[in-house]
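To start, the structure under review is shown below, and the notes come after it.
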Amino acid sequence: MTASNITQDLLKELLNYNRDTGVFTWKVNRGRNAKAGDVAGSKNSKGYMQIKISSKLYQSHRLAWLYEYGEFPEIGIDHINHNKEDNRIENLTIKSQLENCKNQSLVKNNTSGVCGVTYRKDVNKWVAQIRANREYKFLGIFEDKEDAIKARKEAEIEYGFHKNHGKREVA
């Protein structure tokens, strides 16, 4: 992911960034819809904040990184606390896609409350599995849900998953 033609200097001419809140505000009037001092950006369909500059949309977390460090990272940026609107610099970290998968939110249709733990009705048992290093690893079939969860949590530690992995996404 490389930036197009925006520089840190241009970004700082157009916008203020509050590193403590993660919010961008316009320094300049941008027509009738955005005045100097207004909060910049809107939420996209995936829940990330974005800002339009020179007819191009930029994700706010990437702009925050450019604003603070002078460059766009070549790889992804992870929201540590899973809140896609929280663009405080302390909540952002550079991660490869593979690393980012180790800090994902619990999917909405999860019924067990734990990533990688499912109930198999056909055998009336709990199954634990994990995907690490692009491979699925079967962790076992268990009578008790707690045992399946324990196996999954131990595997998360073994494979270096983030402590926030599997928590519900913050809105």
Review point. Has segment 110-126 got any residue that is of a type in the set (A, V, I, L, M) and over 26 Å from E146 (Cα atoms)?
Key: no
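The rows are residues; the columns are (1) in contact with a helix residue (DSSP H, G or I) (Cβ under 6 Å, 6 or more places away or on another chain); (2) loosely packed, with under 14 Cβ neighbours inside 10 Å; (3) closer than 18 Å to T93 by Cα; (4) polar (S, T, N, Q).
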{"site": "E13", "(1), (2), (3), (4)": "no, yes, no, no"}
{"site": "R32", "(1), (2), (3), (4)": "no, yes, no, no"}
{"site": "G41", "(1), (2), (3), (4)": "yes, no, no, no"}
{"site": "M49", "(1), (2), (3), (4)": "yes, no, yes, no"}
Check your understanding: Only one residue in G116, G47 is outside the structural domain of E13 (by TED's automatic domain parsing) and of a type in the set (G, A, S). Which one?
Key -> G116
Review point. Restricting the search to segment 29-54, which residues are polar (S, T, N, Q) and within 15 Å of L11 (Cβ to Cβ)?
Key: Q50, S54
**Study point:** segment 118-169, residues that are of a type in the set (A, V, I, L, M) and either loosely packed, with under 13 Cβ neighbours inside 10 Å or part of a strand (DSSP E or B) (or both)
**Key:** V123, V127, A128, I130, A132, L139, I141, I157
Check your understanding: Name the residues in segment 40-64 that are at pLDDT below 95 and β-branched (V, I, T), would you?
Key -> I53
Check your understanding: Which condition number does G70 fail, the rest of (1) buried (at least 18 other Cβ atoms within 10 Å of the Cβ); (2) in contact with a helix residue (DSSP H, G or I) (Cβ under 7 Å, 6 or more places away or on another chain); (3) in the same structural domain as L14 (by TED's automatic domain parsing) being met?
Key -> (1)
Practice item. Could you list, in sequence order, all residues of segment 15-37 that are among the β-branched types (V, I, T) and either in a loop (DSSP other than H, G, I, E, B) or more than 29 Å from the chain's Cα centre (by Cα) (or both)? Key: T21, V28
Point to revise | Selection within segment 46-63 - within 18 Å of I77 (Cα to Cα) and not in a strand (DSSP E or B) | key: K46, G47, Y48, S60, H61, R62, L63
Revision key, fill the gap. Of the candidates L57, L92, L106, L63, the one satisfying the condition of being in contact with a Cys (Cβ under 7 Å, 6 or more places away or on another chain) and either hydrophobic (A, V, I, L, M, F, W, C) or in the same structural domain as E13 (by TED's automatic domain parsing) (or both) is L106
Point to revise | Pair list, Cβ < 9 Å and 6+ apart or interchain, from segment 95-108 residues that are at negative phi and buried (at least 17 other Cβ atoms within 10 Å of the Cβ) to residues that are at pLDDT 75 or above and assigned to a helix (DSSP H, G or I) | key: K102/E156
Check your understanding: So is E85 in the same structural domain as S45 (by TED's automatic domain parsing), modelled with pLDDT of 90 or more, within 22 Å of K43 (Cβ to Cβ) and over 10 Å from the mean Cα position of the chain (by Cα) or not?
Key -> no
Practice item. Tell me which residues, restricted to segment 142-164, are over 30 Å from N91 (Cβ atoms) and in contact with a helix residue (DSSP H, G or I) (Cβ under 8 Å, 6 or more places away or on another chain). Key: F142
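The values are calculated or read from the model by the stated rules, or taken from the named source; none is laboratory data. No experiment lies behind these values; they were computed from the predicted model shown. FYI the Cβ positions are ideal-geometry reconstructions off the backbone, even for glycines, and counts take in every protein chain you see.
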